[in-house]
Structures are given as C-alpha cells and as structure tokens.
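Shown next, in structure tokens, is the structure this report addresses.
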Amino acid sequence: MTKICCIGAGYVGGPTMAMIAKQCPDVRVTVVDINERRIAAWKTDDLPIYEPGLLEVVREARGRNLFFSTDVDQGIRDADIVFVSVNTPTKTFGEGAGCASDLQYWELCARRIKEVSTSDKIIVEKSTLPVRTAEAMERVLHAGDNPIHFEVLSNPEFLAEGTAIADLENPDRVLIGGHETASGQKALQTLVDIYATWIPRERILTTNVWSSELSKLTANAFLAQRVSSINAISALCEATGANVTDVAHAIGTDSRIGPKFLKASIGFGGSCFKKDILNLVYLCESYGLQEPANYWRSVVAMNEYQEARFVKTMLRSMFNTIANKRIAILGFAFKADTGDTRESPAIKVCRELAGEHAKLVVSDPKALDNARLEMPELADQIEFEPDPYKAAAGAHAIAVLTEWKEYKQLDYQRIYDSMVKPAFLFDGRNLLDHDALYGIGFEVYAIGRGRKSHLK
Ligand code: UDX
Ligand code: UDX
C-alpha cells in the first residue's frame, strides 16, 4: 500500500489530499500540520475551511484511508511520498521584501524531512514556489553524507477556492514536473499513476521541474492579468458611457479571447494572485529582466488603482464626506463560496473608508471570523453583523464587495425603507439588478457602467 503524507492542512493540502484519499482507497493518506486547532477541526464535521462539497469527500475517506495528525515526524517517517503544502507568503523582511516568497517554512520542512527519514522518498512540491526551489530543496535534502535518496517533483495545484472539489474531481489538467533522470522519471510515473485513477491520462501533463514551477506562476499571472485588463477598461467605460459587461461579452465571444475571467470588479484578491505575480517580478529582476518585471508589476498596480478608485467613487458621490456615516459592507471574502479573506479587496476598501471616519458594519455569510482578524486596528470603528438586513438598517450606503448569491435574493425594498435617504448602493461586483434598485429609489453605482441617480 502506497503511503502519502502531506505537510500543511490548509486550503490546498486539505482538499487535495481528501480527493486523493477518496479516489484511491488503496493509498493511505495522512495530513499533518503544526497547527493543533486546525488538525482537531479536520477530525470533526466543522472543518477549518469552508469549501462547498468538501465535507462529503472528507467524510467518505476519513478513518478509512484519510487521517489527520499533528505528529509531523511520524507522518514523514511512514510515508513513501511526502507532499509539501505549507504556506509561502511574500517576504516582509530583508532581500526581496514585498516581492520574493518567504521560503523559511519550506526549508524547515526539507530539513525536518531529512532529519527524520529512514527510507527513500518522493518529495512533491505542492505549494507555489519560485522557479528552481526544487533545486535548493534537493541541496538541503542531500547535504552531508546522506544514504537516503529523495526525488523531488513539482506538482502545482490549480484549484480555485469555492470550486475546489469540482476542480480536483475534474481538472483541466494535472501538471507534474520531474527530473530527466531514470529515478526522476520513475518517481514521476508513480505520481502519474495515482492521478490516473480518476483523471484521463491525456490531461496529466509531464514536464521538467522548472517548467512545472514556472507554469504555475505564469497561469496565475495570466489570470490576474485578464482581471486587471478588464478593470482598466471598466474605468474607461465609466468615463465614456460604455457598459463594461457588454464589452466583456462582446470580446469574450471571440474564441481566441474566451468568456472567462472577464468580470470587472473591485479587484482581485486571494492568497495567490498578488503573491505569485510579485514572485514572477522578483524572478525577472533577479535575472536582470527589468522590462518583463515592470510589465507584470503593472498588473498589481492596476489592481490597487481599481480598489482605490472604488473608494473614491463612494466618497465623491456621497457629497465628499462620509465621516460618521454608517456604511454596510456586504461581503468580505475575496470571492464567493469561501470564508477566506486573504488579500481580499474588502480589506483595502474598509481601511480607506475607516480612514475617512465612516462607521462600518461588515456582513458576510462565511467570512466574519476571518474578517475580524484582518483589521484588529479598526476594532472600535467596525461592527460585524451576520444579518445583512440589520447591517443595512440606518445606513447611508451599502457596498457589495463579494458576489454571494445570497445578496441577489435580498428584499431590497425592505432594505431601502430602513436606510437613511438618499440611499446609496455601490455594487463592486456588478451582481445586482441595477434597474430594479433604481426603481426602488436607490442611488446606484456599479463598476464600468453609468450611475443611476435621482439627484440633480
Ligand atoms: C497554499 C499553497 O501552499 C501556497 O503556496 C499557495 O500559493 C497558497 O495556497 P494554503 O493551503 O492556502 O497555501 O495555505 P494555508 O491555508 O496557510 O495552509 C498552510 C498550512 O501549513 C497551515 O495550516 C500551517 O499551519 C501549515 N504549516 C506551515 C506547517 O504545518 N508547517 C510549517 O512549517 C508551516
Ligand atoms: C487562483 C487560481 O484561479 C487557481 O488556479 C490557483 O490555484 C490559485 O489562485 P483563487 O485565488 O482561489 O484561485 O480564486 P480565483 O477564482 O482565481 O479568483 C481570484 C480573484 O479574482 C478573486 O478575488 C475574484 O473575485 C477575482 N476575479 C476573478 C475577478 O475580479 N473577475 C473575474 O472575472 C474573475
């Protein structure tokens, strides 16, 4: 029986391992993490992350061939294959601060693996890492007089939060990078065979390690670039009277462009996009490629502009003052169907509104616990209210920052009646029916389309 251990029970490690365990009953999967609370939660039905469909998958495999533990050393020792899925945040200190990945957790893992292993192992990079990290890992793993052989593979994960289970069950592709040596190819084949249990072979792509590492950074950079491109056009639409949704539809029907990832928004968030682009920027710079670095950096700059522009629109339309005005924030997660708030554009929007001395009431169906942790410095300026009706009552404005489908189904007449007039609604996701809202009496502002106003 093949034994897998995954270090890191987060948004990536947890769902990925649950899916492997579900699909491969003959493989024993143990997920380990240094965070005791997280591991304890994985053992209950109150999982540490919200992801539609995840609980069903975990329940099917848990206790059968899926196990969760804080005993990292034991997990590593027992395994034939060790996935490393620890977080790799942007460095906040020293060389490359604000751009490069902080690899200290990764290196600690490598050292731990080397220290406790008593048999040969395949080590799989699941975390997104800069190109050539595998090489560094190999040096750590094979330092000194080590009789044990570690074969490092790169197997980046492309799942998106909120659709993780569907993405894992039926991925566009799985990517595995291995060395072009006999032992590299053998290890690669072992991992291919595991995925081939449920994924058609032609969708399992194999490359060398560096191409695999770079493909993951590139995929996220391209996706983010599409969002920044349409957001750039949204600003032009607002200035000219074009409608960004129509423009996106018109260009998306060109099969060379395609319809996905063309939704104008307050900006992209999430743990990956910004981090991975900055990582790419750092890589380019470290190879002396300043123009490519500038090109990718502008994708992040465009995103920051879009967030700031939204707040400016709010301020200007509310007569240039929002001090002491109650503003209901509907949605704090970085996208719908997740409780994750990492790099959510809502953080920047809330900080700037708070800077104008607005009184904020934040509502979200799944992300309030994380939202509370994001802005400790604003504790006395922000209320958290799970009920959107209560959040909106007495407010001057509503800002929709996450595209939760729940917000489409609210009774906006009831909300309007409970608000201060004129009642403003800023739709940062172009989620709602703006004509209907205008009909009720709202002052409606959306992204990339003209405002609908009753004011002179
Ligand atoms: C992932 C990827 O790994 C990262 O590269 C990608 O770019 C973002 O998504 P994610 O699963 O979202 O990370 O991160 P997180 O939810 O923070 O999970 C990482 C887990 O690793 C945490 O539970 C943390 O406790 C654990 N960890 C971290 C360890 O067990 N050991 C360590 O040394 C460090
Ligand atoms: C992303 C990648 O999609 C995934 O392949 C990778 O493994 C991890 O990073 P994720 O961060 O979970 O996944 O979310 P994603 O769906 O890509 O959305 C990222 C951000 O872009 C969100 O804030 C989302 O709201 C925003 N977005 C997305 C838009 O503003 N407009 C769009 O059209 C699409």
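The values are calculated or read from the model by the stated rules, or taken from the named source; none is laboratory data. Just so it is clear, the structure is predicted and the values come from calculations on it, not from any experiment. In this analysis, Cβ positions are derived from the backbone assuming ideal geometry, glycine residues included, and neighbour counts consider all displayed protein chains. Note: areas computed on protein heavy atoms with side chains; ligands, DNA, RNA excluded. Shrake-Rupley method; radii C 1.70, N 1.55, O 1.52, S 1.80 Å.
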Once you put a point 7 Å from the Cα of residue 142 and another 7 Å from the Cα of residue 70, both along the Cβ direction, what distance in nm separates them?
-> 3.6 nm
Rounded to the nearest 10 Å², what accessible area does residue 272 show when all protein chains are kept and the probe is 1.4 Å?
-> 40 Å²
Residues residue 92 and residue 183, FRET efficiency given R0 of 35 Å [Cβ-Cβ distance, rounded to 0.05] = 0.40
Please work out how much length the chain gains when fully extended from residue 2 to residue 78, using 0.36 nm per residue of separation minus the C-alpha to C-alpha distance, in nm with one decimal.
-> 26.4 nm
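Just to verify a number: FRET efficiency for residue 390 and residue 451, C-beta to C-beta distance, R0 = 35 Å, to 0.05?
On the way: r = 27 Å, r/R0 = 0.77.
E(calc), rounded to 0.05, equals 0.85.
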For the residue pair residue 115 and residue 253, what label-to-label distance in nm results when each label sits 7 Å from Cα along the Cα-to-beta-carbon direction?
-> 6.2 nm
Scoring region 230-269 by relative contact order with C-alpha pairs under 8 Å, at least six apart, yields a percentage of 41 percent
Return, ordered by residue number, the residues of region 238-254 whose backbone nitrogen is under 18 Å from a label point located 7 Å along Cα→Cβ of residue 316.
-> 238-244
Provide the FRET efficiency to the nearest 0.05 for the residue 438-residue 26 pair, computing r from the beta carbons and using R0 = 60 Å.
-> 0.50
Which links in 126/274; 421/456; 43/274 stretch past 22 Å when you go from one Cα to the other?
-> 43/274
With labels modelled as points extended 7 Å from the Cα through the Cβ direction, what inter-label distance (nm, one decimal) is found for residue 381 paired with residue 197?
-> 5.1 nm
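In whole percent, what relative contact order does the chain give with Cα contacts below 8 Å and a gap of six or more residues?
Working: 895 pairs, mean separation 52.4, N = 456.
Contact order relative to length: 11 percent.
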Which whole-angstrom value gives the distance between the alpha carbon centres of region 341-369 and region 29-65?
-> 29 Å
From the Cα centre of region 270-325 to that of region 148-225, the distance in Å is 29 Å
Full extension from residue 409 to residue 229: what is 0.36 nm times the residue separation minus their Cα-Cα distance, to one decimal in nm?
-> 61.8 nm
For residue 384, the residues 5 or more places away or on another chain with a placed amide H closer than 5 Å to its own amide H are 362
Residue 326 long-range amide H proximity, modeled H, under 5 Å | 359, 396
Along region 217-228, Karplus-curve 3J(HN,Hα) (6.51, -1.76, 1.60; θ = phi - 60°) to the nearest Hz, with x for Gly and Pro, reads 4, 5, 4, 5, 5, 5, 4, 4, 4, 5, 5, 5
Tell me, what ³J(HN,Hα) does each residue in region 41-47 have, in order and in whole Hz, if you take phi through Karplus 6.51 cos²θ - 1.76 cosθ + 1.60 with θ = phi - 60° and put x for Gly and Pro?
-> 5, 5, 8, 10, 8, 9, 5
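Residue separation times 0.36 nm, minus the C-alpha to C-alpha distance between residue 418 and residue 218: what's the value? Walk me through the numbers on the way to the answer.
Numbers: separation 200, 0.36 × 200 = 72.00 nm, distance 4.71 nm.
Taking residue 418 through residue 218 to full extension adds about 67.3 nm, to one decimal.
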